[in-house]
């Protein structure tokens, strides 16, 4: 997933590719692998076309240090390399390249794209809030915590989505060519809303059936 700031520069220099400058490229639905974090992405990215070198905007513009609101009191340092079999604390995926690392306690690693995820994804009927863990099954994949990875939970506590599932929903939507919205989370909002409405309708049906049974 690539989340672009309105202030993202049109051209940058990056230490991972010092030979040439990288240009912000509107690539439509084309899928790519980021050459520094090694994660898949789709849509706009920073690129050097002669060298076939691509970066997520979150990786290209990542700061040297990070203080994340969900990791109070910790400072994470930007690192290159995989550090030997570590996983991202947010999505549970393998750390294969550029990442944020905190050595405090048991350590914490984050993909730059996961570190840049918003704390809230709002829409009219419900808002998804980022949390460090949740005890419920994911409403998308139906699995539980995946080793205590991060979740998005709706404020009404009916929709639960792994960060990994949120990223995958958004990536698949972009890769499928659904670029009608400039909101990178439009497909996630649609999926969450469908889940919420289905559960609401299911609860209403159960209530009606119960009333009929008790009334009979």
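The values are calculated or read from the model by the stated rules, or taken from the named source; none is laboratory data. The shown structure was predicted, so the numbers you read here are calculated from the model rather than taken from an experiment. Because the Cβ atoms are built from the backbone with ideal geometry, glycine has one as well, and the counts that use them run over all protein chains shown.
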Of the residues that make up the range 103-124, is at least one at pLDDT below 90, touching a helix residue (DSSP H, G or I) at 6+ places or on another chain (Cβ under 8 Å) and assigned to a loop (DSSP other than H, G, I, E, B)? yes
Please go through the range 6-32 and give me each residue that is at pLDDT 90 or above, in contact with a helix residue (DSSP H, G or I) (Cβ under 7 Å, 6 or more places away or on another chain) and not in a loop (DSSP other than H, G, I, E, B), ordered by number. 12, 22
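Every residue, every condition in (1) more than 17 Å from residue 16 (Cα to Cα); (2) more than 16 Å from the chain's Cα centre (by Cα), yes or no:
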residue	(1), (2)
49	no, yes
69	yes, no
75	yes, yes
80	no, yes
88	yes, no
109	yes, no
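Test residue 97 against the criterion of being more than 18 Å from the chain's Cα centre (by Cα) and assigned to a loop (DSSP other than H, G, I, E, B), and give yes or no.
No: the conditions fail for residue 97.
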